[in-house]
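Colleague: I have a structure here, written as structure tokens, and I will follow up with some questions on it.
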Amino acid sequence: MEHYLKPLDATQQPAWQALRAQREQMQQFNLRQAFAADPQRFRRYSLSQGGLFLDYSKNLIDERTLGLLVELAEQMKLSQAIEQLFAGAPVNASERRPALHTALRRPVGEQVLVDGVDVMPQVHRVLAQMTELVQRIHNGLWRGYTEKPITDVVNIGIGGSFLGPQLVSEALLPFAQRGVRCHYLANIDGSEFHEVTANMRAETTLFIVSSKSFATLETLKNAQAARRWVLDQGCAVADLHRHFIAVSSNRQAAVEFGIAAENIFPMWDWVGGRYSLWSAIGLPIALAIGMGNFKELLSGAYAMDQHFQSASFEQNMPVLLALLGVWYGDFWGAHSHAILPYDHHLRNFNQHLQQLDMESNGKSVRQDGSPVSCGTGPVIWGGVGCNGQHAYHQLLHQGTQLIPADFIVPVTSYNPLADHHQWLYANCLSQSQALMCGKTHAEAEAELRDQGLSEDEVQRLAPHKVIPGNRPSNTIVLERVSPRRMGALVALYEHKVFVQSVIWGNNAFDQWGVELGKELGKNLYGRLTGEDATPAADASTQGLIDFFRARHRG
Ligand code: F6P
């Protein structure tokens, strides 16, 4: 039976029971001692793939743990699930759809069937369409209503129609093409609209309305505001097509909105929003870095896809990251996972991963609707190093929670400045080392005595200086962030999330939980504006409505 129709219960697998016992066995496991006892530990627990080097030696694992985690993956029929994902099986069972983001990065000549139709020709047709648009804009041939070339592109989109493109275009800033600046407008908050458009002129601005559904409130309101903004500056209605293009799988809604049919780039139901940066949703990336680099990004992701499909689980980067996450979440009680890139250009990586991971695996039922019997996705959070060290790392080091972390760091900087990069890299390593080694009470005492403090002072301060250590982390090292490596890095996390969904049995590709808030938002809007006089269902919400209305009356 396909995993997405009748998922197995991981907790009922022999490996799960064995992992429980293993967790008990490892109560006294100590990373410092593990390194001291095994000079090969770093070599044993590290691997290279797609220009990424993963060191996972600073994890609370030994050979038996890894063996059992791999057994769990086998008992959950992970190989079969991976095959089905790539083959276009309807792995998104609640919506009866495949999840074929991997088709978007396949080279010409490969075939992927959806309902008996090969989708690859469409994929490559859209890439050709994107190439033409990017060239026209870069060469100054796409003209605004005053015949001036486009200088600014504003992507209007939210969620997956924003976070992935924003991340990648920022990450690849050193590859930015001259001539056109890319901006992102996501939130319905008018302040964002004003800020983004403040220094732009409509005559040289192109808006990309990026919405798979073309039904997202924030995006449609911003697109309407952009339309008014362009018209107010003197553009005739007949010339609006020079300033708006759309990317959507809902062509009709885009046409009804007023986007010229020839300016609509297709998307497909078989690509999820948070997995869509590889499609025409990635247009702002292609405009920022050029189509050649965009294709490199695709090929980097494709290399990771091939690795994911073919490597043994013991040597499979996404599988290993996923299993380690399961180990900490389900056996060590970890509730969150920190993403800590030491690269200014990757400063928003955790935002993309928040959507990718939390919208995918923030679920409480399995694919067949039965309740899960174990924990599912963790809270993903984090931010750029070194900044985090002076903010929230304190809790990582001495707080009461176990929070596994992924450090991501390039070896080389695009912007060398004196010895800054050496310090950045040293800081990254110092954090994972401190998390792992900590500081014992005896070490704290010795340190204080060395400083010449009285014994009273030593005893007073020592408990505050103890750092438990034994806190796990992965470190992903890149030579430097390039389009190919960025493609591999994002695909790595996509596959990690998928593997975890297979272990937990949930659907990684739907997001029903976000719908209720959208529906309630519509009802509340009517009450705020006074169109709907019926009271809200609860006194708190009604009180907050009254507060708003009192300020906006007359
Ligand atoms: O509300 C959640 C969501 O549906 C995400 O899954 C999606 O990425 C985002 O909204 C934007 O959706 P769309 O591209 O259809 O506007």
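Colleague: Considering each residue of the range 198-218, count those that are outside any loop (DSSP other than H, G, I, E, B), over 18 Å from Ala260 (Cβ atoms) and within 12 Å of the ligand (Cβ to nearest atom), and give that number.
Modeller: The number of residues fulfilling the criteria is 2.
Colleague: Moving on. At least 2 residues that are over 30 Å from Gly50 (Cα atoms) in each: list the helices (runs of 4 or more DSSP H) lying fully within the range 477-554 that qualify. If you could, list the steps in order and put the result at the bottom.
Modeller: Values: elements: 483-504, 515-529, 539-552.
In the range 477-554, the matching helices (runs of 4 or more DSSP H) lie at 515-529, 539-552.
Colleague: Does Ile259 satisfy the criteria of being more than 13 Å from the ligand (Cβ to nearest atom), touching a residue at least 40 places away in the same chain (Cβ under 8 Å) and assigned to a loop (DSSP other than H, G, I, E, B)?
Modeller: yes
Colleague: Sort out which residues of the range 408-445 are at positive phi and in contact with a Lys or Arg (Cβ under 8 Å, 6 or more places away or on another chain), and write them in order of number.
Modeller: If the condition is that a residue be at positive phi and in contact with a Lys or Arg (Cβ under 8 Å, 6 or more places away or on another chain), then Gly438 is the only one that fits.
Colleague: Continuing with this model, one more query. Name the residues in the range 298-317 that are buried (at least 22 other Cβ atoms within 10 Å of the Cβ) and either hydroxyl-bearing (Ser, Thr, Tyr) or closer than 22 Å to Asn139 by Cα (or both), would you?
Modeller: Tyr302, the sole residue that qualifies.
Rundown of residues vs (1) surrounded by fewer than 16 Cβ atoms within 10 Å (Cβ to Cβ); (2) within 14 Å of the ligand (Cβ to nearest atom); (3) within 29 Å of Asn92 (Cα to Cα); (4) not hydroxyl-bearing (Ser, Thr, Tyr), yes/no style:
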| site | (1), (2), (3), (4) |
| --- | --- |
| Arg227 | no, no, no, yes |
| Ala236 | yes, no, no, yes |
| Phe244 | no, no, no, yes |
| Ser249 | no, yes, yes, no |
| Asn263 | no, no, no, yes |
| Gly272 | no, yes, yes, yes |
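Colleague: Still on this model: Quick one: in the range 434-459, which of the residues that are assigned to a helix (DSSP H, G or I) and touching a residue at least 24 places away in the same chain (Cβ under 8 Å) is nearest to the chain's Cα centre (by Cα)? Lay out the reasoning, then the answer.
Modeller: Step one: list which residues in the range 434-459 are assigned to a helix (DSSP H, G or I), which gives 434-437, 441-450, 455-459.
Among the residues that remain, those that are also touching a residue at least 24 places away in the same chain (Cβ under 8 Å) are: 434-437, 441.
On the way: Ala434: 27, Leu435: 24, Met436: 26, Cys437: 29, His441: 39 Å.
Looking at the filtered set, the residue picked out is Leu435.
Colleague: Going through the range 508-532 one residue at a time, which ones are more than 10 Å from the ligand (Cβ to nearest atom) and among the basic types (Lys, Arg)?
Modeller: Once the filter is applied, which keeps residues that are more than 10 Å from the ligand (Cβ to nearest atom) and among the basic types (Lys, Arg), the range 508-532 yields Lys522, Arg527.
Colleague: Moving on. Mind checking which strands (runs of 3 or more DSSP E) fall wholly inside the range 309-416 and carry at least 3 residues that are in contact with a Cys (Cβ under 9 Å, 6 or more places away or on another chain)?
Modeller: In the range 309-416, the matching strands (runs of 3 or more DSSP E) lie at 405-410.
Colleague: Within the set of pairs 6+ apart or on separate chains, which have a first residue in the range 509-531 that is in contact (Cβ under 8 Å) with a residue 40 or more places away in the chain, a second that is within 11 Å of the ligand (Cβ to nearest atom) and of a type in the set (Gly, Ala, Ser), and C-beta atoms under 6 Å apart?
Modeller: Final answer for the pair search is Phe509/Gly272.
Colleague: Please go through the range 525-554 and pick out each residue that is basic (Lys, Arg), out of contact with any Gly (no Cβ under 8 Å at 6 or more places or on another chain) and surrounded by 12 or more Cβ atoms within 10 Å (Cβ to Cβ). Before the answer, list the steps.
Modeller: To start, the set of residues in the range 525-554 that are basic (Lys, Arg) comprises 527, 549, 551, 553.
If we keep only those that are out of contact with any Gly (no Cβ under 8 Å at 6 or more places or on another chain) too, we end up with 527, 551, 553.
Within the range 525-554, just Arg527 meets the criteria.
Colleague: Test Ala286 against the stated conditions and say whether it is of a type outside the set (D, E, K, R) and crowded, with 24+ Cβ neighbours inside 10 Å.
Modeller: Numbers: of a type outside the set (D, E, K, R): yes; crowded, with 24+ Cβ neighbours inside 10 Å: yes.
Taking the combined requirement at face value, the residue satisfies it.
We did not get these values from a lab; they are worked out from the coordinates using the rules stated. Everything numeric in this text was worked out from a predicted model, so none of it was measured. Every residue, glycine among them, receives a Cβ derived from its backbone with ideal geometry; neighbour counts consider all protein chains shown.
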